[in-house]
């Protein structure tokens, strides 16, 4: 059997994963930075702000089982592509909110 020469695609995939993860963490950090302004502008107390912050964690928890099932059912390429397209749609919809 002839060995195939490794390509540089793995580095591109690693770069894309790094960028997506960086955006993900920046997204969560941004709401933490804006927390005091949110409290002031919306008139919410510290407990309600805590619920808003914990919503990010609960969203991850809720997505673990369906995400794992999708990965097993459709494979990583299709699942990750669909998840990123969904994320883009959600961010665009959030941008339309007033």
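Quick note: the coordinates plus some simple rules give every number you see, no bench work behind them. Everything numeric here is computed off the predicted structure, so don't read it as measured data. Cβ coordinates were reconstructed from backbone atoms using ideal geometry, including for glycine residues, and neighbour counts include every protein chain displayed.
Some values worked out for this structure:
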| item | result |
| --- | --- |
| Residue list for segment 39-89, filter: loosely packed, with under 13 Cβ neighbours inside 10 Å and outside any helix (DSSP H, G or I) | 43, 45, 75 |
| First in segment 76-98 and free of Cβ contacts under 8 Å to residues at least 24 places away in the same chain, second anywhere and in a helix (DSSP H, G or I) and surrounded by 10 or more Cβ atoms within 10 Å (Cβ to Cβ), Cβ under 6 Å, 6 or more apart | 79/70; 79/71 |
| Contacts under 8 angstrom Cβ, first residue in segment 12-33 being surrounded by 10 or more Cβ atoms within 10 Å (Cβ to Cβ), partner part of a helix (DSSP H, G or I), 6 or more apart | 20/84; 28/56; 31/38; 31/52; 31/53; 31/56; 32/53 |
